[in-house]
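Quick notes on the structure that follows.
Computed from the coordinates by the stated procedures, all read-outs in this text should not be read as laboratory data. Here the structure is a predicted model, which means the values were calculated and not measured. Using ideal geometry, Cβ is built from the backbone for each residue, glycine included, and neighbour counts are taken over all protein chains shown.
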Amino acid sequence: MKVVIKKYSHQKIERKWQKFWATQQIFKATADNHHPKYYALDMFAYPSGDGLHVGHPRGYTATDILARYHRMLGHNVMRPVGWDAFGLPAENYAIKIGQPPAKLTKANIVRFSKQVKSLGFAYDWNRELNTADPSYYKWTQWIFKILYDNGYAYQKEACVNWCPKDKTVLANEQVVDGCCYRCGAVVEQKNLKQWFFKITDFADELACHPDKLDWPESTKTGQKNWVGKSEGAEIEFKIKSEKSRIKVFTTRPDTLFGATYLVLAPEHPLIKRIVTKEQKHKIEKYIKDARLKSVLDRTVAKEKTGVFTGACAINPATESEIPIWVADYVVTDYGTGAIMAVPAHDDRDFEFATKHKLPITEVVESDQSKLPYVGHGKLINSGRFTGQSSQIAGADMAETFGGKITVQYKLHDWLVSRQRYWGAPIPIIHLADGGVRSVDVEELPIKLPTDVDFKPTGESPLALSKKFQSGVAKKYGKGARRELDTMDTFVCSSWYFLRYCDPHNATEFAGAESLKHWMPVDLYIGGSEHTNGHLLYARFIVKVLHKLGYINFNEPFLKLRHQGLILGTDGEKMSKSKGNVINPDEVIEVFGADALRMYEMFMGPFDQPLPWNTAGIEGVRRFLNRVWSLKPVAKAPETDRAIHKLIKKVTDDIEQMKFNTIVSSCMEFVNLAIDRGITKSALERLVMLLAPMTPHIAEEIYQKLGHKQSIFVSDWPKFDPKLLLEDSVTVAVQVNGRLRGTLSVSPTADEAEVEKLAIALPSLATHIEGKKVVKRHYVPGRIINLIVK
RNA sequence: GGGCGAGUGGUGGAAUGGUAUACACGAAGGACUUAAAAUCCUUUGCCGCAAGGCUUGUGGGUUCGACUCCCACCUCGCCCACCA
């Protein structure tokens with residue numbers, strides 16, 4: 001059949017339908033109890049000055065496909081959009097060019113909105129939100145307040161991560177390889193008084209993912225490892241000639257008899273008290289050096305260094321004196337910052353003991369010749385415990401020598417205060433008598449002042465505002481002052497999915513009815529880099545709100561998927577410095593939004609990182625031109641049959657998010673349609689199947705076929721299972737497991753009949769001549785394997 | 001060091017126990033054109049003139065049959081990491 005391939009004007013039709021959907025409010029979400037609800041969410045964007053990246057549309061398109069598909073299934077769909085507007089990059093850029101971050105952020109949001117709209121996503125713009133808007137951060141502050149009022153937010157002095165370039169503290173989750181996650185500066189450790197959220201109260205819950213959560217296994221184990229639960233014991237060691245004791249944490253209390261020395265982290269407070277005169281100078285120098293080392297240098301150090309304090313402790317089990325050392329292989333922020341070293345049964349202790357000639361005592365029998373042996377076994381040299389199994393004896397031994405069984409987590413409380421301007425002010429008042437309280441709820445929002453120089457100095461820029469403290473003394477008593485730090489932006493983003501349910505509510509963070517209707521999120525798509533940050537924080541906030549009775553669910557995201565990174569054409573991560581960045585605006589200009597959306601789905605499996613290839617998008621655009629050029633004919637039986645298979649395939653693949661094979665199946669179908677023709681009804685169904693992925697061209701063709709309503713209010717096509725069966729099928733014929741020919745038979749042909757036809761095949765002749773079929777294996781409609789001798 | 005993935009043509013990939021290399025890109029040849037673009041047709045895993053043989057990182061195993069399942073190893077990617 002002759003089909004003339006014509007190009008379509010994407011500029012014209014894409015703008016046209018975007019406008020149509022907006023004016024018709026096709027994607028406006030209104031709670032409707034008569035249909036199943038479907039809440040589809042992308043991780044909202046940080047509106048940076050660079051604009052949209054080609055990586056953004058990959059995740060957004062996937063969510064969009066599912067949202068539009070569910071709408072066509074008749075479901076009550078919500079697909080909201082918003083902006084994670086507070087944060088360091090906007091502020092740093094603002095400082096650089098000398099403009100207020102509020103102004104810049106506003107301009108960035110305008111730009112992002114325009115770009116996102118040009119991709120034709122099915123967003124409900126009525127629910128658009130912006131975390132830097134007082135009507136939003138009022139409720140971020142309210143969450144801080146109720147956390148504080150219920151004991152989940154507190155202030156303490158602690159050794160914290162400090163970014164010297166951005167001049168602010170950072171959460172543990174924001175330190176990557178010892179560097180600031182934003183600017184890359186080497187992070188320092190400082191003792192500072194800061195605000196924390198008690199995320200550790202929920203450590204066990206966060207480490208566990210109930211069955212109802214359909215999350216990638218890697219994300220679940222990533223979170224579990226980040227929480228890092230270990231069971232063990234705390235054991236106290238008496239210090240010789242000192243009253244105080246050193247408490248250590250160990251997961252192997254069963255090896256107590258083998259503890260031949262103790263090690264303190266360089267930051268340990270007891271060091272000053274126990275160090276002897278002779279060793280004082282050496283220890284002080286070591287501590288100073290350790291503090292100057294970056295976190296990175298300390299964690300990947302090749303050689304273990306350390307210094308003897310001159311002091312000794314008593315091993316409670318052996319009652320012998322053991323030396324106390326200081327070494328930076330022991331970290332201060334895990335366990336008690338002190339360890340009992342058992343060199344015979346721990347790799348690190350063994351390495352250290354060998355280097356510094358410390359005694360090594362074996363207490364677990366091992367069948368391997370070399371030490372250290374870290375496994376379990378029969379205890380030896382262990383007093384009355386000798387002969388017991390190390391696996392069982394631990395708890396008993398700990399208790400016998402005054403220790404207690406405890407649990408340790410790697411997870412730390414979430415440090416949420418920042419000494420920066422562009423964030424939500426912490427709603428706390430410091431009273432004249434040293435007391436602390438949260439602000440009255442009527443006072444919210446505590447607005448971010450504008451009369452400040454927002455350059456970071458290490459102290460919060462809010463200190464420079466004259467207006468910020470006005471009225472505080474009058475309301476809260478003489479000498480009362482507002483807290484000057486702002487909140488980590490991750491606080492803002494840890495509850496935005498709740499606000500989407502009821503974004504204009506002025507009296508609550510979201511109404512109970514709306515939350516009950518829409519939550520939890522049915523599909524959440526975003527980058528896997530948020531595993532141990534945003535996704536953990538969001539689950540924590542939901543669990544707190546649940547515990548305090550504000551919401552009736554304790555997990556926010558039912559189904560989670562991560563989009564793979566789009567790499568440059570060189571296979572490297574896109575970056576300005578490498579010059580391999582693809583600008584989506586230019587791609588849309590040349591090929592259209594539909595082609596970009598489809599190409600990003602066609603590249604390969606959704607969750608895999610894949611390189612960009614400009615020739616690839618040209619191929620997709622060629623395909624769309626071919627779809628555009630299809631003209632209905634009166635009769636096309638083969639295509640009429642094939643469309644049923646396509647409906648099944650596309651439906652199955654959407655459910656499984658196998659977008660790449662949706663595209664290839666549609667290509668195969670269109671190749672057939674061009675060859676054999678297509679009827680109007682098959683063409684209609686084809687464009688309906690394409691509509692979630694390439695909505696503009698689908699809507700245009702649909703309307704051209706004579707429809708007045710949007711394709712997105714039509715019903716998703718159904719297939720007839722009877723038509724999935726073929727009249728005849730090709731059966732592969734194997735002899736002794738090797739392919740020797742094919743047969744075309746009826747799918748209902750029986751085994752004996754197929755064998756008869758197979759043996760008669762000329763291509764089999766040389767392989768079965770003079771031999772006897774001793775066995776056969778037949779898979780109806782697929783393969784027959786003849787075993788001959 | 002630990003955890004999680006992944007290794008298939010020149011390239012992105014398809015096939016999750018049943019005809020390996022679908023679909024697309026690229027390449028080569030041809031048609032149309034004064035020419036080019038666009039479009040269409042043909043070829044395209046490797047070796048071989050052919051018959052035929054070989055082929056899913058490597059080696060073994062299970063099976064009538066393995067890219068697919070099992071064991072060991074190698075390589076790459078991501079995440080975590082002196083966590084006691």
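Rounded to the nearest 20 debye, the dipole size of segment A:298-451 about its Cα centre is 420 debye, using +1 on the Cβ of Lys and Arg and -1 on the Cβ of Asp and Glu. Taking other C-beta atoms within 10 angstrom as a stand-in for reagent exposure, A:764, A:545, A:705 fall in the order A:705, A:764, A:545, fewest first.
Could you sort out which of A:114/A:573; A:6/A:658; A:247/A:272; A:198/A:224 sit more than 20 Å apart by Cα distance in this structure?
Where the Cα-Cα span goes over 20 Å, the pairs concerned are A:114/A:573; A:6/A:658.
The alpha-carbon positions of segment A:75-140 define a convex hull whose volume is 105 Å³ per residue. Of all DSSP bridge pairs formed entirely within chain A, close to 75 percent run antiparallel. Distance between the pseudo-spin-label points of residue A:708 and residue A:23 (7 Å out from Cα toward the beta carbon): 1.6 nm.
Just so you know, the averaged projected area of the alpha carbon convex hull for segment A:376-452 sits at 11.1 nm². Relative to the first principal axis of the alpha-carbon coordinates of chain A, what is the inclination of helix A:217-227, with its axis defined by its Cα atoms, in degrees from 0 to 90 and to the nearest 10? The angle comes out at about 10 degrees.
For segment A:309-387, the list of trypsin sites (Lys or Arg not before Pro) that fall in a loop by DSSP and count at most 16 other C-beta atoms within 10 angstrom reads A:357, A:370.
Gain on full extension, evaluated as 0.36 nm per residue between residue A:744 and residue A:204 minus their Cα-Cα distance, stands at 188.4 nm.
The gain in end-to-end length when the residue A:615 to residue A:671 segment is fully stretched comes to 18.2 nm, 0.36 nm per residue minus the alpha carbon separation. Counting only alpha carbon atoms, the long axis of helix A:637-655 and the longest principal axis of chain A meet at about 10°. Residues A:478, A:7, arranged from fewest to most other Cβ atoms within 10 angstrom of their Cβ, appear as A:478, A:7. I need the calculated FRET efficiency for the pair residue A:218 and residue A:760, taking r as the beta carbon distance and R₀ as 60 Å, to the nearest 0.05. Once rounded, the FRET efficiency stands at 0.70. Hey, what angle do you get for helix A:277-292 against the long axis of chain A, alpha-carbon based, 0 to 90 degrees rounded to 10? Once rounded, one gets 20 degrees. With point charges of +1 on the Cβ of Lys and Arg and -1 on the Cβ of Asp and Glu, referenced to the Cα centre of segment A:311-397, which listed residue (A:316, A:337, A:364) lies farthest in the positive direction of the dipole? My answer, from the dipole projection, is A:364. Here the dipole of chain A is about 1580 debye; that uses its Cα centre as origin and unit charges on the Cβ of Lys and Arg (positive) and Asp and Glu (negative). Each residue in A:742, A:486, A:457 was given a count of other beta-carbon atoms within 10 angstrom of its own, and listing them fewest first yields A:457, A:742, A:486. Using a ≥ b ≥ c from the Cα gyration tensor of segment A:418-486 (square roots of the eigenvalues), is it rounded, prolate or oblate, where a/c under 1.5 gives rounded and otherwise the larger of a/b and b/c decides, a/b for prolate? In terms of gyration-tensor shape, prolate. Farthest towards the positive end of the charge dipole of segment A:381-451, among the residues A:401, A:424, A:389, is the Cα of A:389, using unit charges on the Cβ of Lys, Arg, Asp and Glu. In this simple spin-label model, placing a label point 7 Å from the Cα along the Cα-to-Cβ direction at both residue A:772 and residue A:583 gives a separation of 7.8 nm. Each label was represented as a point 7 Å from its Cα along the Cα-to-Cβ direction; for residue A:370 and residue A:730 these points are 5.7 nm apart.
At an R0 of 22 angstrom, the distance between the Cβ atoms of residue A:276 and residue A:331 translates into a FRET efficiency of 0.35. Given R0 = 51 Å, the distance between the Cβ atoms of residue A:399 and residue A:466 translates into a calculated FRET efficiency of 0.25. Rounded if a/c is under 1.5, else prolate if a/b beats b/c, else oblate: with a ≥ b ≥ c from the C-alpha gyration tensor eigenvalues square-rooted, which is segment A:125-224? The shape class here is rounded. Assign one of three labels to chain A, namely rounded, prolate or oblate, based on the Cα gyration tensor with a ≥ b ≥ c the square roots of its eigenvalues; rounded applies when a/c is under 1.5, prolate when it is not and a/b is larger than b/c, and oblate otherwise. Judged from the Cα gyration tensor, chain A comes out oblate (a/c at least 1.5, b/c at or above a/b).
The charge dipole of segment A:7-77, taken about the Cα centre with unit charges on the Cβ atoms of Lys, Arg (+1) and Asp, Glu (-1), comes to about 380 debye, rounded to the nearest 20.
A simple rule links phi to the HN-Hα coupling: the Karplus curve 6.51 cos²θ - 1.76 cosθ + 1.60 with θ = phi - 60°, which for segment A:469-484 gives 9, 6, x, 5, 4, 5, 7, 10, x, 4, x, 6, 9, 6, 4, 9 Hz, with x for Gly and Pro.
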